[in-house]
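First up is the structure itself, then whatever we jot down about it.
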Amino acid sequence: MAHDATHDHHDDHHGAPKNFFVRWCMSTNHKDIGTLYLVFSLLMFFIGGSFAMVIRAELFKPGLQLVQPYFFNEMTTMHALVMIFGAVMPAFVGLGNWMIPLMIGAPDMALPRMNNLSFWILPFAFALLLSTLFLPGGGPAGGWTMYPPLSLQGDSVAYLVFAVHLMGISSIMGAINIIATILNMRAPGMDLLKMPVFVWSWLITAFLLIAVMPVLAGAVTMLLTDKYFGTSFFNAAGGGDPVLFQHIFWFFGHPEVYIMILPAFGLVSEIIPTFARKPIFGYKAMVFAIASIAFLSFIVWAHHMFAVGLPLGGEIFFMYATMLIAVPTGVKVFNWVSTMWGGSMTFETPMLFAIAFVILFTIGGFSGLMLALAPADFQYHDTYFVVAHFHYVLVTGAIFAIIAATYYWLPKWTGHMYSETWGKIHFWNSVIWVNVLFFPQHFLGLAGMPRRIPDYNVAFANFNMISSIGGFLFGASQLIFVGVVLHCVFFSKKKAPDRVWEGAKGLEWTVPSPAPYHTFELPPVIHDDELAHGHIED
Amino acid sequence: MTRGVTTWSGEPYFLNNVALGVCVVIGILVFGAMFIAMFRFRKSRGAVAEKWSHNTTLEIVWTTIPVIILIALAYLATGGLRTFADTTGSEMTVKVTGYQWKWRYDYVEYKGKAIESVGFMSKLDRESDETRQLNSGLDPKNVKVDGYNTYLINVDKPLVVPVGTKIRFVITAGDVIHSWWVPALGWKMDAIPGIVNATWTNINEPGEYRGQCAELCGQDHGFMPIVVKAVPKADFEKWLAEQQAQAKQPEPAAASTAEKPATAQVDAPVSQGHQG
Ligand SMILES: [Cu+2]
C-alpha cells in the first residue's frame, strides 16, 4: 500500500544493523529471528536426515553390515528427537515469526527480546543433545519416547533431560510470544475471524504448547531424579509404575503430534486458495475443525498404549475418542478439495507440494483410523505399519507443508523468484521417492516386522531394500531444495513483485518484496477484499 | 496381516480388512474428486474462478456420513475388545517373563492342576546368533529349518502348548519393558516390570508360530524371538510329563541331559545385572 512504501523510505536509516554479530545474535527483529529459526531447522533437517540414512543403510539388507545394534538404537532415538524438536517445530516457529506479524499488520512480535532468547536457547539445547554421540557411553538409545526403565540404563540421561528442558523453555516462550502477538498486535479492523487460517492454526497450536511442554518437562525431571536421586516414580521395585511415565509422556505426546500438524493445516489453507484463485471453502469450519482437533488431542493419549494392558473401559474410551478425530480431519480434507473445485488453478511448486500434502496426509490419516481400532492395533502396534503411518503424517504432512510454505513466501523474503523448473524437479523427486520410501513400510508392518530393530528375517528383505533405495533418493532430492533456496537468496536475478502470486490475498502481499526490515510501523488500513477471508458472507 | 490361527485372531484381521476397504472407497472418492477438479478447473483450460466459499448442506452431509461409518467401525471393534478382555474359563496358565534379551516361560497350571517347576529360558538360536554378528561373513539366507528361513525368528527352546485349549498368559518382565508378540495369535501384550498383564489364546491348528519382542528393550531388542509350538493335546500332556519327570530328578551335573541342552537354566540369574 502506498503509505507503507513511503513510510519504509524514511525508515532506511534504521534498517538492519551492518555488524554481523549485532544483526543476527542480538536481533529483536521478527524477520531476522524467523530466518534464524528456518536456517536452524534446515540444518537440523539434514543432521536428522543423515541419521535416517544410517538407519536405512543398515536395513538395506538382512544381517548387520555397518553399525552395532546399540549405535543403531542411538540413531533411531536421535533421528526422532532432532527431527521433531530441531527440524519441524523450529520451522513452524520460524514461519510464524516471519509471517504472523505480516499477516495481521503488526510491526513485530509482541515480545521481541524474548523472541531472541527463545531462538538462541535452541543451538545450546542441540549442542548438548548431539554432544552425547561423542561421549563415552554414547547418546540416548532408549527411543525418543524415553520409556523407563530402559531409558534410565543409558549414561546420557542428564544430557537428554536438560536438552529437553531447554527445548521446552524455548517452545513455551515462543508460544507465549505468538499468543501475545496475535491477541494484542492485530491492526485495527483485523478481527479474529478475519485472520488467515495460518494465524488461527498457530494461535491454537501455541495454547497446546503451553499446556503440554511443562508436562514433558515434569516427566523427564522425574526420569532424572529416578536415575540420580533415588526416587522411584517409575521404578516398580520402589513402588513406582513404569506405565505412569507412558501416561504422562503421551499426555504431552499426543498434543505434540498436533503441534506438528496444525500449523501445516494452516499453511496449506493459505496456499490452496491462492493457486485456486478462490477463497477457502468453509473458513469458519476450518477454524472450528482445528480447535476441535486440538481439544480432542488431550483425550486420546492412551491410544499409544493399547498394548500395555489397559482395562476394557479404557481401551473403549480411547478408541472412540481417537476415532472421533477423523471427523474434523475429514472436514478439513473435504474443504480443501472444495476450495479447488470451481477454481482457476495453476500448479506452481508451492501448490504442487500443497496438493501432495492433501493426498499423502490423507493416506496417513487413513492408516491412523486403522490404528485407532484397538483390536487391530494389537497387531499394528510397534510395527513398521506405525512407522509408515507417522512418516506419512510428518514427512509428507508437516515437512511437505513447510517446504510448500518456503516456496510460497521465499520471493517475499528475498525479493527474487526461485527457479520454477528446479522447484518442480525437487517436487517430483520428493513425491516419488518419499512414497517408494514409506509405502512399502505398510506392507512390512502387516507382514510382522517390528519397528526399531537393526536386522530382520530374510522374508522382509525385498520391501526393506525398496524402502532404503527410496530413502537414499529422497534424502538426495532435498539437496536440490537447498540448491533452489541458495540460488534464490544469492543469485536469482528475477525480481519478485509485491503480490508474488496472482491469486494471493492477505496483508503480507501489500508490503514490498523483499519485505523491508521494518513493516507496518503504522498500522495498515484493512480493506476486506484484500484479505483472504474478509468480505465473505457466512 | 495374517489371519492367524486362534479363535480370536480373526478379529484384527477382519477389522483390518473392513477398515482398509472403507479407506480405499473414501480415498477413491476424495482423490477422484480432487483429480477431476485439477483437470477441469485449470487456468490453462480457461477456467474462471467461482466466488462461492460455503455450502451448509454439503458440510452437514460430509460431517454426518463419516460419523455413521465410524459408529459402524466402533461397533465392530468393541465386540472384538470384549472377547479379548475375557480371560475367564481358561484351562491352562503360562507365565511369560521378558528379560534382556530372552524370554522365560513358566507353566503354572494345566486343567486345574498346579504344575511344579516346569520353566525354562528361551533365547535366539545359536545359528542366527552367530550370523547376526556385525560383519560375521555368514549369510542370513542360509539360516534354515526344514527349508524355511528362520533367521532371527528361531529359539533354542520353544514354548510348547496344546491346541484347542484356552490358555491364559500372565505376562511380566524382569528388567525393562518388552512386548510379547506372535502375529498368528492376533495380539501383542507388553511385558512390564512390576505389572502382570493377563491375556489369552486358543490355538486351533498345530504348528510352529513365530514372533518377536515388539517393545524396544535395549541393544538386542531385535534378537529375542518367540516360537510357540502348538501340538495336539495328547502330545502336549506327554511332553509335560517328561518335563516334570526331568525336573524331579536331581540336577545332572552340567551333563547334556537329553536332546535339549539346558543352557537356559544356567543363564537364569541374569536379570538385574545392569549397573542399576
Ligand atoms: Cu525385548
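The values are calculated or read from the model by the stated rules, or taken from the named source; none is laboratory data. As the structure is a computational prediction, the values presented were derived from the model and not from experiment. For neighbour counting, all protein chains shown are included, and Cβ atoms are generated from backbone atoms with ideal geometry for every residue, glycine included. Heavy atoms of the whole protein, side chains included, go into the accessibility calculation; ligands, DNA and RNA do not. Shrake-Rupley method; radii C 1.70, N 1.55, O 1.52, S 1.80 Å.
Considering chain B as a Gaussian network with a 10 Å cut-off on Cα pairs, which listed residue, B:TRP101, B:TRP180, B:TRP239, attains the greatest mean-square fluctuation?
B:TRP239
Tell me, what is the FRET efficiency for A:LEU479 and A:ILE359 to the nearest 0.05, using R0 = 35 angstrom and their Cβ-Cβ distance as r?
In this case the efficiency is close to 0.90.
Need one value for A:360-370: mean number of C-beta atoms belonging to other chains within 10 Å of its residues' C-beta atoms. It would help to have the intermediate numbers written out before the result.
Working: counts 0, 0, 6, 3, 0, 3, 7, 3, 1, 9, 8.
Mean shielding count: 4.
Please state, rounded to one decimal and in Å, the Kirkwood hydrodynamic radius that region A:52-133 gives when every pair of distinct Cα atoms enters the mean of 1/r.
Roughly 15.4 Å, rounded to one decimal.
Taking the 0 to 90 degree range and rounding to the nearest ten, how far is the long axis of helix A:242-259 tilted relative to the main principal axis of chain A, both from C-alpha atoms?
20
Considering only DSSP beta bridges whose two residues both sit in the protein assembly as shown, what percent are antiparallel, to the nearest 5?
Working: 39 of 52 bridges.
If I count the DSSP bridges inside the protein assembly as shown, around 75 percent turn out antiparallel.
To the nearest 20 debye, what charge dipole does chain A have about its Cα centre, counting +1 at the Cβ of each Lys and Arg and -1 at the Cβ of each Asp and Glu?
Once rounded to the nearest 20, the dipole reads 660 debye.
What is the P(r) of region A:192-242, as percent of Cα-Cα pairs per 5 Å bin from 0?
Values per bin, smallest distances first: 5, 18, 16, 13, 10, 9, 8, 7, 6, 5, 2, 0.
Quick one: among B:VAL96, B:VAL155, B:VAL145, which has the greatest mean-square fluctuation in a GNM of chain B with alpha-carbon springs under 10 angstrom?
B:VAL145
Can you list the residues of region B:118-166 that have at least 50 square angstrom less accessible area with all protein chains present than in their chain by itself, probe 1.4 Å?
Residues of region B:118-166 that lose at least 50 Å² of accessible area once the other chains are added: B:LEU134, B:TYR151.
Note down the relative contact order for region A:409-474 as a percent, whole number, built from C-alpha pairs under 8 angstrom at least six residues apart.
The value is 41 percent.
Summarise the partner chain shielding of B:39-47 as one whole number: the mean count of Cβ atoms from other chains within 10 Å of each residue's Cβ.
Per residue, the average neighbour count from other chains is 5.
Assuming R0 = 41 Å, what is the FRET efficiency of B:ILE60 and A:ASN184, from their Cβ-Cβ distance, to the nearest 0.05?
0.70
Taking a threshold of 28 Å on the Cα-Cα distance, which of the pairs A:LYS194/A:LYS495; A:LYS31/B:LYS43; B:LYS113/B:LYS248; A:LYS31/A:LYS494; A:LYS31/B:LYS51 fall above it?
Over 28 Å Cα-Cα: A:LYS194/A:LYS495; A:LYS31/B:LYS43; A:LYS31/B:LYS51.
Of all DSSP beta bridges located in region B:92-269, what percent are antiparallel, nearest 5?
Rounded to the nearest five, the antiparallel share is 75 percent.
Calculate, for B:ALA198 and B:GLU237, the FRET efficiency according to 1/(1 + (r/R0)^6) with r their C-beta to C-beta distance and R0 25 Å; round to the nearest 0.05.
0.55
Which one, A:GLY142, A:ASN435, A:LEU130, projects farthest toward the positive side of the charge dipole computed for region A:20-510 from Cβ point charges (K/R +1, D/E -1)?
The residue sitting farthest along the positive end of the dipole is A:ASN435.
So for the pair A:ARG23, A:MET465, with labels modelled 7 Å out along Cα→Cβ, what separation do we get in nm?
Reported label-point gap for A:ARG23 and A:MET465 is 5.1 nm.
Report, in deg cm²/dmol and to the nearest 500, the calculated mean residue ellipticity at 222 nm for chain B, where each DSSP H run with n ≥ 4 adds -39500 (n - 2.57) and the sum is divided by the residue count.
-10500 deg cm²/dmol
Using a 1.4 Å probe on protein heavy atoms only, how many Å² of accessible area do A and B hide from each other, summed over both chains and rounded to 100?
7500
Could you state the accessible area per residue of chain A in Å², with a 1.4 Å probe and every protein chain left in place?
In whole numbers, chain A has 32 Å² accessible per residue.
Which percent of the accessible area of the protein assembly as shown is formed by carbon and sulfur heavy atoms (probe 1.4 angstrom)?
Roughly 66 percent of what the probe reaches on the protein assembly as shown is carbon or sulfur.
Take the Cα coordinates of chain B, assign each an equal point scatterer, and use the Debye formula without solvent to give log10 I(q)/I(0) at q = 0.06 Å⁻¹.
Taking Cα atoms of chain B as identical point scatterers yields -0.30.
On a 0 to 90 degree scale, rounded to 10, what angle separates helix A:112-131 from the longest Cα axis of chain A?
Once rounded, one gets 30 degrees.
Can you tally the net charge around B:ASN149? Count Lys and Arg as +1, Asp and Glu as -1, for every other residue whose Cβ sits under 15 Å from the Cβ of B:ASN149.
Values: positive: A:LYS61, B:ARG132, B:LYS141, B:LYS144, B:ARG210; negative: A:ASP455, B:ASP125, B:GLU127, B:ASP139, B:ASP146, B:GLU208.
Counting the neighbours of B:ASN149, the net charge comes to -1.
For helix B:233-248, what angle does its Cα long axis make with the longest principal axis of chain B, in degrees from 0 to 90 and rounded to 10?
Tilt of helix B:233-248: around 50 degrees.
If you build a Gaussian network model of chain B, linking Cα atoms that sit under 10 Å apart, which residue out of B:SER44, B:SER90, B:SER179 swings the most?
B:SER44
Given a cut-off of 31 Å, what percent of all Cα-Cα pairs of region A:20-510 lie beyond it?
Tail fraction, whole percent: 42.
Given the rule -39500 (n - 2.57) for each run of at least 4 DSSP H residues, summed and divided by the residues of chain A, what is its mean residue ellipticity at 222 nm, to the nearest 500 deg cm²/dmol?
-21500 deg cm²/dmol
If you put +1 on each Lys and Arg Cβ and -1 on each Asp and Glu Cβ, how big is the dipole of region B:106-168 around its Cα centre, in Debye rounded to 20?
Taking the Cα centre of region B:106-168 as origin, the dipole is about 320 debye.
Taking the Cα centre of chain B as the origin and placing charges on Cβ (Lys, Arg +1; Asp, Glu -1), which of B:ALA85, B:LEU29, B:LEU124 is farthest toward the positive end of the dipole?
B:LEU29
Any number yet on Rg/Rh for region A:124-245, C-alpha, Kirkwood?
My calculation puts Rg/Rh at 1.14.
Test of the criteria: in region A:183-234, which trypsin sites (Lys or Arg not before Pro) are in a DSSP loop and have at most 11 other Cβ atoms within 10 angstrom of their Cβ?
For trypsin sites (Lys or Arg not before Pro) across region A:183-234 that sit outside H, G, I, E and B with at most 11 neighbouring Cβ atoms in 10 Å, the list is empty.
Among the aspartates and glutamates, which have Cα under 12 Å from the Cα of B:LYS188 when same-chain residues fewer than 8 positions away are ignored?
Leaving aside aspartates and glutamates fewer than 8 places away in the same chain, those within reach of B:LYS188 are A:ASP377, A:ASP382, B:GLU215.
Can you tell me, using C-alpha contacts under 8 Å and at least 6 residues apart, the relative contact order of region B:129-260 as a whole percent?
In percent, rounded to a whole number, it is 25.
Please compute the average number of Cβ atoms from other chains found within 10 Å of each residue's Cβ in peptide B:199-212.
For this peptide, the per-residue mean of nearby foreign Cβ atoms is 1.
On full extension of the chain, what length is gained from A:ALA127 through A:SER232, given 0.36 nm per residue of separation minus the C-alpha to C-alpha distance?
Length gained, A:ALA127 through A:SER232: 34.8 nm.
Over chain A, what is the mean sequence separation of C-alpha contacts under 8 Å (at least six apart), divided by residue count, expressed as relative contact order in percent?
About 18 percent, as a whole number.
Taking the Cα atoms of region A:235-367 alone, what are Rg (to one decimal) and Dmax (as a whole number) in Å?
18.4, 66
How far, in nm, would the chain grow between B:LYS248 and B:ASP146 when pulled straight, counting 0.36 nm per residue and subtracting the alpha carbon separation?
Value of the extension gain: 33.4 nm.
Looking only at GluC sites (Glu not before Pro) in DSSP loops with at most 12 other Cβ atoms within 10 Å, what is the longest site-free stretch of chain B?
Longest run free of exposed loop sites: B:117-258.
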